[in-house]
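> A single structure is presented below for examination.
The values are calculated or read from the model by the stated rules, or taken from the named source; none is laboratory data. The model shown is predicted, which means the values in this text are computed figures rather than measured ones. Glycine also receives a Cβ, built like all others from the backbone with ideal geometry; neighbour counts cover every protein chain displayed. The area values use the complete protein model at the heavy-atom level, side chains included, leaving out ligands, DNA and RNA. Shrake-Rupley method; radii C 1.70, N 1.55, O 1.52, S 1.80 Å.
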Amino acid sequence: MSGVEDLTILCFLGITKESIVDVEAMVRKVEQKIESCSQQDVELHIERIFVISQAEPRLPLQLEDAVRPDGEGEEEGRATVNQDTRLDNRVIDLRTTTSQAIFRLQSGVCQLFRDTLTKKGFVEIQTPKIISAASEGGANVFTVSYFKSSAYLAQSPQLYKQMCICADFDKVFCVGPVFRAEDSNTHRHLTEFVGLDIEMAFNYHYHEVIDSITDTMVQIFKGLRDNFQTEIQTVNKQFPSEPFKFLEPTLRLEYTEAVAMLHEAGVEMGDEDDLSTPNEKLLGRLVKEKYDTDFYVLDKYPLAVRPFYTMPDPSNPKYSNSYDMFMRGEEILSGAQRVHDAQLLSERAQHHQIDLEKIKSYIDSFRFGAPPHGGGGIGLERVCMLYLGLHNVRQTSMFPRDPKRLTP
């Protein structure tokens, strides 16, 4: 069975497309390659066929349309499938070779993340997703009914990762859902995504944390490059992109250097202003031109644009021991050395106008001895999107949630 012949036979038998069948057949070599099939050097000569599950005759979308690159076949009037149609009929869309490749690669990212950190001596932990207080002061959280009171869906496992460090676990990581009640209808935001989170104690300098995280990312990039070429090439057929480039060791720039590069490119911004999304993308292009890498670290962010638990830079109080990591000019991780002194943590929380009573258990964790530590949180879907050069995070979320989508 090959090419158009297979459809002709199935139609003749009254078997609808996408039905599940068992086939009893002879496998025979062919003289000419069958270009329309993944198995190109043999064909099946059917003897018997059994319908296990018959699909309805009218499919909500055609798989051949769903894998067609944008713009291809327009002159012939052949259709492509838009994003909402795909997501409304996700079970069908996930059957395409492109979707299969994306999520097999995503599974590989999780496996490489776990394997690399386990080899480094990290312990995988599980943290609660229903919490009593909004972790960063009450903004952008989902409130849920909790018996006779209210609770919140966790924005991040960070507070619990830190508690584990205080409990002498030394190095921990977790993989789990993260919730953000942000009304952001952009190509890179979701209201629920998978967080790959890391936290670790360090001995001398918080750059030990940066080095550990960047090495983990590099091991993931290498693993994908070496073991997932079939998946990468499958996605590239529909969504062409340049191969992902990275350096060893990973490039690390200070925030002031980045601002200087943007100033040279004609951007007007203050030295302590946060980076806008357009400026992040521009900086990514400038870094790629100068250093030929798609992955880099931006260190020493202004303290004013970071959360209350961020450690100030001891040599310059306007800046902080914090960092972001970028892929193809978009942020995939935000992290920092954390404040591990209860008194300083209380002062920083008050500066951010956070009610100390609501984070009392968190602050109390640091009253009985806490080592210097730091970490960060990575968005799994965003990493996959940017590694593959895709243009929307919904392509790398199996069943995405955003402000306008709660189904399927």
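Residue by residue, here is whether (1) of a type in the set (D, E, K, R); (2) open to solvent by less than 70 Å² (accessible area, probe 1.4 Å) holds:
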{"position": "MET26", "(1), (2)": "no, no"}
{"position": "HIS45", "(1), (2)": "no, yes"}
{"position": "GLU56", "(1), (2)": "yes, no"}
{"position": "PRO69", "(1), (2)": "no, yes"}
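> Just one of THR96, THR127 is open to solvent by less than 70 Å² (accessible area, probe 1.4 Å), closer than 30 Å to THR80 by Cβ, more than 16 Å from the chain's Cα centre (by Cα) and modelled with pLDDT of 95 or more; which is it?
On the way: THR127 fails: closer than 30 Å to THR80 by Cβ.
On inspection, the qualifying residue turns out to be THR96.
> Continuing with the same structure: For region 253-275, which positions are within 21 Å of SER322 (Cα to Cα), open to solvent by less than 50 Å² (accessible area, probe 1.4 Å) and assigned to a loop (DSSP other than H, G, I, E, B)? It would help to see each step written out before you state the result.
Within region 253-275, the subset within 21 Å of SER322 (Cα to Cα) is 253-262, 269-275.
Next cut, open to solvent by less than 50 Å² (accessible area, probe 1.4 Å) only: 253, 255, 258-262, 269-270, 275.
Within region 253-275, MET269, GLY270, LEU275 qualify.
> Of the residues LEU333, LEU345, LEU356, only one is within 30 Å of PHE221 (Cβ to Cβ) and among the aliphatic types (A, V, I, L, M); which?
Working: LEU345 fails: within 30 Å of PHE221 (Cβ to Cβ); LEU356 fails: within 30 Å of PHE221 (Cβ to Cβ).
None of the others qualify; the one that does is LEU333.
> Also, quick follow-up: Determine if region 187-196 includes at least one residue that is modelled with pLDDT under 95, of a type outside the set (A, V, I, L, M), touching a helix residue (DSSP H, G or I) at 6+ places or on another chain (Cβ under 8 Å) and surrounded by fewer than 16 Cβ atoms within 10 Å (Cβ to Cβ).
Applying the first criterion (modelled with pLDDT under 95) to region 187-196 yields 187-189.
Subset that is of a type outside the set (A, V, I, L, M): 187-189.
Still in the running and touching a helix residue (DSSP H, G or I) at 6+ places or on another chain (Cβ under 8 Å): 187-189.
Next cut, surrounded by fewer than 16 Cβ atoms within 10 Å (Cβ to Cβ) only: 187.
Yes, region 187-196 contains at least one residue that is modelled with pLDDT under 95, of a type outside the set (A, V, I, L, M), touching a helix residue (DSSP H, G or I) at 6+ places or on another chain (Cβ under 8 Å) and surrounded by fewer than 16 Cβ atoms within 10 Å (Cβ to Cβ).
> Anything in region 71-93 that is outside any loop (DSSP other than H, G, I, E, B), surrounded by 13 or more Cβ atoms within 10 Å (Cβ to Cβ) and among the polar types (S, T, N, Q)? List them, or say none.
Going residue by residue through region 71-93, those that are outside any loop (DSSP other than H, G, I, E, B) are 83-88, 90-93.
With the extra rule that they be surrounded by 13 or more Cβ atoms within 10 Å (Cβ to Cβ), the set shrinks to 85-88, 90, 92-93.
Answer for region 71-93, where residues must be outside any loop (DSSP other than H, G, I, E, B), surrounded by 13 or more Cβ atoms within 10 Å (Cβ to Cβ) and among the polar types (S, T, N, Q): just THR85.
> Restrict the check to region 245-252 and report whether at least one residue is out of contact with any helix residue (DSSP H, G or I) (no Cβ under 7 Å at 6 or more places or on another chain) and open to solvent by less than 50 Å² (accessible area, probe 1.4 Å).
no
> Go through region 285-310 and count every residue that is open to solvent by less than 50 Å² (accessible area, probe 1.4 Å), under 24 Å from GLY266 (Cα atoms) and not β-branched (Val, Ile, Thr).
So the count comes out to 9.
> Considering only residues of region 227-244 that are in a helix (DSSP H, G or I), in contact (Cβ under 8 Å) with a residue 12 or more places away in the chain and open to solvent by 50 Å² or more (accessible area, probe 1.4 Å), which is nearest to ILE213 (Cα to Cα)?
Among them, the one singled out is ASN227.
> Which condition number in (1) at pLDDT 95 or above; (2) touching a helix residue (DSSP H, G or I) at 6+ places or on another chain (Cβ under 9 Å); (3) among the charged types (D, E, K, R) is the one that ASP341 fails?
(2)
> I would also like to ask the following. Check region 156-167 and report whether any residue there is under 23 Å from ILE213 (Cα atoms) and among the basic types (Lys, Arg). Write out each step before concluding.
If we filter region 156-167 for residues that are under 23 Å from ILE213 (Cα atoms), which is where we start, we get 156-167.
Subset that is among the basic types (Lys, Arg): 161.
For region 156-167, residues under 23 Å from ILE213 (Cα atoms) and among the basic types (Lys, Arg): present.
> Still on this structure: Could you look through region 28-43, keep only residues that are assigned to a loop (DSSP other than H, G, I, E, B) and more than 21 Å from THR96 (Cα to Cα), and pick out the one that is least open to solvent (accessible area, probe 1.4 Å)?
Just the residues of region 28-43 that are assigned to a loop (DSSP other than H, G, I, E, B), to begin with: 30-41.
Within this subset, residues satisfying the condition of being more than 21 Å from THR96 (Cα to Cα) are 30-33, 41.
Values: VAL30: 35, GLU31: 196, GLN32: 151, LYS33: 134, ASP41: 72 Å².
My answer is VAL30.
> How do the pairs read when you match residues in region 311-334 that are without any contact (Cβ under 8 Å) to a residue 60 or more places away in the chain with residues anywhere that are hydroxyl-bearing (Ser, Thr, Tyr) and open to solvent by 20 Å² or more (accessible area, probe 1.4 Å), using Cβ under 6 Å and keeping only pairs 6 or more apart or on different chains?
Listed pairs, sorted by first residue: ASP313/TYR319; ASP324/SER334.
> Now for a separate question. Using beta carbons and a limit of 6 Å, which pairs, at least six apart or on different chains, have the first residue in region 254-267 and free of Cβ contacts under 8 Å to residues at least 60 places away in the same chain and the second one open to solvent by less than 20 Å² (accessible area, probe 1.4 Å)?
GLU254/ASP299; ALA258/LEU283; ALA258/LEU298
> Additional query: Name every residue in region 360-379 that is in contact with a Ser or Thr (Cβ under 8 Å, 6 or more places away or on another chain) and among the aliphatic types (A, V, I, L, M), in order of residue number.
Within region 360-379, just ILE363 meets the criteria.
> Given the structure, is MET398 open to solvent by 20 Å² or more (accessible area, probe 1.4 Å), in contact with a strand residue (DSSP E or B) (Cβ under 9 Å, 6 or more places away or on another chain) and not aromatic (Phe, Trp, Tyr)?
Values: open to solvent by 20 Å² or more (accessible area, probe 1.4 Å): yes; in contact with a strand residue (DSSP E or B) (Cβ under 9 Å, 6 or more places away or on another chain): no; not aromatic (Phe, Trp, Tyr): yes.
So MET398 fails the test.
> Output the number of the condition that ALA336 fails; it satisfies all remaining conditions of (1) more than 29 Å from the chain's Cα centre (by Cα); (2) open to solvent by less than 50 Å² (accessible area, probe 1.4 Å); (3) modelled with pLDDT of 95 or more.
Unmet condition: (1).
> For region 159-180, state whether one or more residues are of a type outside the set (A, V, I, L, M, F, W, C), open to solvent by less than 50 Å² (accessible area, probe 1.4 Å) and in contact with a Pro (Cβ under 6 Å, 6 or more places away or on another chain).
The answer is no, given that none of the residues of region 159-180 is of a type outside the set (A, V, I, L, M, F, W, C), open to solvent by less than 50 Å² (accessible area, probe 1.4 Å) and in contact with a Pro (Cβ under 6 Å, 6 or more places away or on another chain).
> To continue, here is another question. Would you confirm whether any residue within region 263-272 is within 20 Å of the chain's Cα centre (by Cα) and closer than 28 Å to THR186 by Cα?
Kept after step one, since they are within 20 Å of the chain's Cα centre (by Cα), are these residues of region 263-272: none.
No: zero hits.
> (1) within 30 Å of the chain's Cα centre (by Cα); (2) basic (Lys, Arg); (3) more than 30 Å from ASP402 (Cα to Cα): which one isn't true of ARG382, the others all being true?
Every condition holds for ARG382 apart from (3).
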